[in-house]
């Protein structure tokens with residue numbers, strides 16, 4: 001059990017752009033190994049929130065603590081090195097490289113033991129070869145976990161859209177995150193692919209002990225995957241609770257989900 005009661009704690013986080021309040025007084029206490037959902041219509045402030053949490057934007061006000069350390073305003077690369085990793089709504093892969101190479105590039109940043117020296121690489125020393133074998137094994141293990149092992153030599157850009165999403169998640173997991181933030185992970189997926197992703201995310205949490213936050217317009221995914229959900233609109237937190245509470249909130253249904261049934 002972690003000695004830190006909350007893996008991530010955001011307190012009254014706000015972000016303003018040239019007088020426009022994109023995010024206002026957002027707070028969250030996220031325990032380890034939770035799967036947390038954040039939903040809301042376009043322009044609700046969801047991606048702005050992710051950018052603030054992960055260091056791509058500095059909050060105008062408020063504070064963010066991760067693993068017991070204040071990371072407010074820290075740059076994205078430092079936040080990532082601490083173990084908070086994100087994906088983006090638009091897929092970002094090395095399209096001309098193989099599936100395996102995409103994951104192996106990410107593993108270079110986190111693999112133990114430490115990096116080889118130049119002379120070890122040039123001479124293909126035993127240390128270099130051992131590290132390469134270790135990375136190859138770790139890459140194959142990750143690809144097997146996400147269901148892409150059989151496609152490992154395929155060019156990433158030729159993958160079906162759903163598999164490209166899985167590959168993006170595999171690259172993020174290769175960085176060994178403690179907290180994984182997924183921005184619209186099922187965007188462009190068909191219902192079958194979305195269902196497969198739901199199972200994958202649960203396995204990653206359970207097997208690799210990764211805490212997850214999901215932004216999604218895929219309401220069934222969020223309702224079936226997440227233990228707690230927050231709803232944003234115009235940068236304001238307007239509802240929070242377990243899926244059943246959110247599902248049956250008339251204000252959320254009418255104003256933000258545009259439907260009478262979100263199951």
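Values quoted throughout were computed directly from the atomic coordinates according to the rules given, and no laboratory measurement underlies them. A quick note: this is a predicted structure, and the numbers were derived from the prediction, not measured. Cβ placement follows ideal geometry from the backbone for every residue including glycine, while neighbour counts extend to all protein chains displayed.
To the nearest Å, what is the center-to-center distance of region 189-259 and region 8-63, using C-alpha atoms only?
16
Can you put 74, 132 in order, fewest other beta carbons within 10 Å first? Each step should come with its number before you reach the end.
Numbers: 74 19, 132 15.
Ranking 74, 132 by Cβ neighbours within 10 Å, fewest first, gives 132, 74.
Tell me, what is a quarter of the convex hull surface for the C-alpha atoms of region 206-259, in nm² with one decimal?
Details: hull surface 16.5 nm².
Result: a mean projected hull area of 4.1 nm².
Measure nothing but the geometry: give the 0 to 90° angle between the long axis through the Cα atoms of 161-174 and the longest principal axis through the Cα atoms of the chain, rounded to 10°.
That helix lies at roughly 70 degrees to the long axis.
For residue 236 and residue 208 in one chain, what is 0.36 nm times their gap in residues minus the Cα-Cα distance, to one decimal in nm? Intermediate results must be reported in sequence, preceding the final value.
Details: separation 28, 0.36 × 28 = 10.08 nm, distance 3.28 nm.
Extra length from residue 236 to residue 208 when fully extended: 6.8 nm.
Per-residue ellipticity at 222 nm for the chain, helices alone: DSSP H runs ≥ 4 residues times -39500 (n - 2.57), over residue total, nearest 500 deg cm²/dmol?
On the way: 9 runs with 93 residues, N = 263.
Taking each H run of at least 4 residues, the total per residue is -10500 deg cm²/dmol.
Within region 140-263, what percent of beta bridges assigned by DSSP are antiparallel, to the nearest 5? Could you put the intermediate results ahead of the total?
On the way: 5 of 10 bridges.
Of all bridge pairs located within region 140-263, approximately 50 percent are antiparallel.
Report the rotationally averaged projected area of region 145-211 based on its alpha-carbon convex hull, in square nanometres. Don't jump to the answer; show the numbers that get you there.
Working: hull surface 18.0 nm².
So the Cα hull casts an average projection of 4.5 nm².
Calculate, for residue 136 and residue 77, the FRET efficiency according to 1/(1 + (r/R0)^6) with r their C-beta to C-beta distance and R0 30 Å; round to the nearest 0.05. Provide the component values of the computation, followed by the final result.
Details: r = 26 Å, r/R0 = 0.86.
It comes out at approximately 0.70.
When the convex hull of the C-alpha atoms of region 149-263 is computed, what volume per residue in Å³ does it have?
Hull volume over Cα atoms, normalised by residue count, gives 124 Å³.
Arrange the following residues from fewest to most other Cβ atoms within 10 Å of their Cβ: 66, 17.
Details: 66 25, 17 11.
With the fewest neighbours first, 66, 17 line up as 17, 66.
May I ask you to derive the FRET efficiency for residue 195 and residue 153 from their Cβ-Cβ distance with R0 = 30 Å, giving the value to the nearest 0.05?
0.65
What is the helix-to-structure angle for 126-145, meaning the angle in degrees between its Cα long axis and the longest Cα principal axis of the chain, kept from 0 to 90 and rounded to the nearest 10?
The two axes meet at around 40 degrees.
How big, on average over all directions, is the shadow cast by the Cα convex hull of the chain, in nm²? Before the final figure, lay out each step's value.
Details: hull surface 61.3 nm².
The directionally averaged projection comes out at 15.3 nm².
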